Amino acid sequence: MKTILGKDVKIAGELLHKGELVAIPTETVYGLAGNALNEEAVLKIFTAKNRPQFNPLIIHIASFDLLSKYVKHFPVKAKLLADKFVPGPLTFLLPKKEIIPDLVTAGSNKVAIRIPDHPLTAALLGQIDFPLAAPSANPFGYVSPTSAQHVYDSLKGKIAYILDGGECNVGLESTIISFDEKENVIVHRVGGVPLEEIENTLGEKVILQIQAHESPDAPGQLKSHYATHTPLIVGDVSALIKKNQDKKIAIISFKEKYDDKNVIHQYILSPAGNLEEAARNLFKTLRDVDKTEADIIVAEKFPDEGLGRAINDRLNRAQHIYK
Ligand code: TXA
Ligand code: MG
């Protein structure tokens, strides 16, 4: 299959209507989209990504008003959060209606839904009359794409079209939340909306249930998600440099510069010390550093606040498989 890169929302819509796959830009990362109501299209997503079918997909809709077409009910708190963060990097896990195929939710009775904040994808969703199932547009287990070129690099030949919407503004996947029977907010994945902002909006604490493995009952991500091919270690950078004197080292840091003869590449994610900027640069940096001749990647632990939590989560998952 020839993969076309372009900015034509109409072509993208027509292909999706025919059951083809289109990569779509969002503010978080690029998604690999197909018609969520068409099981054949949904199956193609799993195949193109090489993703196990027990790992459910997020569906993308044009506005919060459409939510009740796909979910049975939602708490008032969901609406309060939507007023503040929608469209945006917040995914709601809610009881699904029949119309959503079990294949999308991997058999779970809850569906994950979000309203992405990107003008091209908003226009696309406005043009079609079905929701889009879209996981991040990377091969299963690799770093999520934050540009059309990233998608092209790994999925060319496997999908019909890549809607090029430039670089992703947030650069990290959405925060995934659900509500327990007492309507407490449960956070399943830390992401583009910081926990503190959810807590400030509702005036209450959230409950963290970040899971290491993916299954409908244990939402989250596999630990090996986001893994670079080059081994990555998170920790005290100066100590790790000393410990790895026999290796060519690449460093990923927040704002600090490290000097050592073995450091062959140094990526500072935000010289000004801004976590939003660091988040935006993270996945591109992981891809870039993976192309160098470094033997190992050593990354700092970021401040555990705001988007720093999501950055730490992604870095920790990237290092896991080498342990
Ligand atoms: O920002 C994002 O959320 C991006 C963009 C494209 O929207 N999407 C994304 O999708 O990150 P994906 O498939 O890479 O990650 C979705 C996560 C997975 O960990 C999956 O297990 C979880 O959401 N998930 C999806 N549907 C679920 C469900 N019904 N129950 C539990 N977990 C679910
Ligand atoms: Mg993903």
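Here, each number is a calculation from the coordinates, and none is a lab measurement. From a predicted model like this one, the values you see are computed outputs, not experimental measurements. In this analysis, Cβ positions are derived from the backbone assuming ideal geometry, glycine residues included, and neighbour counts consider all displayed protein chains.
Projected label points at residue 186 and residue 17, each 7 Å from Cα along the beta carbon direction, are separated by 4.0 nanometres. Cross-link partners for residue 18 among the aspartates and glutamates, with Cα-Cα distance under 14 Å and sequence neighbours closer than 8 places in the same chain left out: 39, 40, 129.
Of all the options 278, 294, 62, the one that moves most in a Gaussian network model of the chain with Cα springs shorter than 10 angstrom is 294.
Rounded to two decimals, what is the ratio between the C-alpha radius of gyration of segment 4-208 and 2.2 N^0.38 Å?
0.95
In the elastic network of the chain, a GNM with C-alpha springs shorter than 10 Å, the most mobile of 68, 174, 147 is 68. Looking only at 244, 109, 312, which one moves most when the chain is put into a Gaussian network model with springs between Cα atoms under 10 Å? Evaluated over the chain, the most mobile residue of the options is 244. To the nearest ten degrees, helix 308-320 and the longest principal axis of the Cα atoms of the chain are 70 degrees apart. With 10 Å bins beginning at zero, the pair-distance distribution over Cα atoms of segment 1-45 amounts to 27, 57, 15 %. Dividing the convex hull volume of the alpha carbon atoms of segment 79-147 by its residue count gives 128 Å³ per residue. Qualifying trypsin sites (Lys or Arg not before Pro) in segment 14-62, where qualification requires a DSSP coil assignment and no more than 16 other C-beta atoms within 10 Å, comprise 18. 5 Å is the cut-off here: which amide hydrogens, built 1.01 Å from N in the peptide plane, fall below it relative to residue 110, excluding neighbours closer than 5 in sequence? Placed amide hydrogens put 96 under 5 Å from residue 110. For the peptides 9-16, 181-188, 301-308, the ranking by mean Cβ contacts within 10 Å, running from highest to lowest, is 9-16, 301-308, 181-188. Evaluated at q = 0.25, 0.28, 0.31 Å⁻¹, the base-10 log of the normalised Debye intensity for segment 146-190, with identical point scatterers placed on the Cα atoms, takes the values -0.87, -0.98, -1.06.
In units of the compact-protein estimate 2.2 N^0.38 Å, segment 232-322 shows a Cα radius of gyration of 0.99. Annotation for segment 85-179: GluC sites (Glu not before Pro) lying in DSSP loop with at most 13 further Cβ atoms inside 10 Å of their Cβ are 98.
Backbone geometry of segment 31-46 corresponds, through the Karplus equation with coefficients 6.51, -1.76 and 1.60 at θ = phi - 60°, to 3J(HN,Hα) couplings of x, 9, 9, x, 4, 5, 9, 10, 4, 5, 5, 5, 4, 4, 5, 4 Hz, x marking Gly and Pro.
Considering only 235, 278, 250, the residue lying farthest towards the positive end of the dipole of segment 232-322 is 250, judged by Cα position with unit charges set on Cβ.
Return the subset of 7/69; 79/205; 110/301; 49/84; 10/84 for which the Cα-Cα distance in this structure is over 23 Å, preserving the input order. Checking Cα-Cα distances, 7/69; 110/301; 49/84; 10/84 exceed 23 Å.
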